[in-house]
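This report concerns only the one structure given below.
Bear in mind that the values in this text are calculations on the coordinates, not laboratory data. Not measured: the values here are computed from a predicted model. All Cβ positions, even for glycine, are placed from backbone atoms using ideal geometry, and neighbour counts span all protein chains on display.
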Amino acid sequence: MRILMVCLGNICRSPLAEGIMKDKAEKSGLEVVADSAGTAAYHVGEPPDQRSMEVAKKHNIDISNQRARQFEVRDFDAFDRIYVMDKNNYEDVIALATSTEDVEKVDLILNAVNPGENRSVPDPYYGGKDGFDKVYSMLEESCSAIVENLKKETT
Ligand code: 4NP
């Protein structure tokens, strides 16, 4: 299973989602390739935000080797599932889709926990550190649900 996590800048939320997904997949023995990207190019080539690296580290996850990149149309072919953080990311990604198959790959990550509710992971960039703790716990819960569902699908 190839999973892409997408946010706006690819420095705060989606790098965390990528790191958490890799950690959980490894611990549960699932064959998952995880990556992340941003819909915008502002931070291309940069490491994750310091606050994301810190909250990940608190949970023994190292995301410091990640570098931001922009979402590309070819990601629709390179990945099986594309999890976006918020409704703007959803609109921006869907605008690049060229088939219904592409569209069906995309979902808001919180729908893994609250199916059909279309909730957004809030952008923590302009807030304080507590925002990053909150984002971490939302993504942790979502990635757990995704991994549990994958386990069911593969058995
Ligand atoms: P992210 O957060 O989408 O979770 O990576 C943001 C990072 C940077 C900006 C916005 C959101 N920015 O405007 O530079």
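Could you count how many residues in the range 28-46 are on the phi < 0 side of the Ramachandran plot and either of a type in the set (D, E, K, R) or more than 12 Å from the ligand (Cβ to nearest atom) (or both)?
The qualifying residues number 8.
Need pairs with beta-carbon distance below 7 Å; first residue over 20 Å from MET138 (Cα atoms) and within the range 21-42, second part of a loop (DSSP other than H, G, I, E, B) and within 16 Å of the ligand (Cβ to nearest atom); sequence gap 6+ or separate chains.
Close Cβ pairs satisfying both conditions: THR39/LEU8; THR39/PHE71; ALA40/LEU8; ALA40/GLY9; TYR42/GLY9.
Between VAL93, VAL121, VAL55, which is under 15 Å from MET5 (Cα atoms) and not in a loop (DSSP other than H, G, I, E, B)?
Exactly one residue qualifies, and that residue is VAL93.
Every residue in the range 5-23 that is more than 7 Å from the ligand (Cβ to nearest atom), in a helix (DSSP H, G or I) and within 18 Å of GLU72 (Cα to Cα), please.
PRO15, GLU18
Determine if the range 98-114 includes at least one residue that is under 16 Å from the mean Cα position of the chain (by Cα), assigned to a helix (DSSP H, G or I) and within 16 Å of the ligand (Cβ to nearest atom).
Yes, the conditions are met somewhere in the range 98-114.
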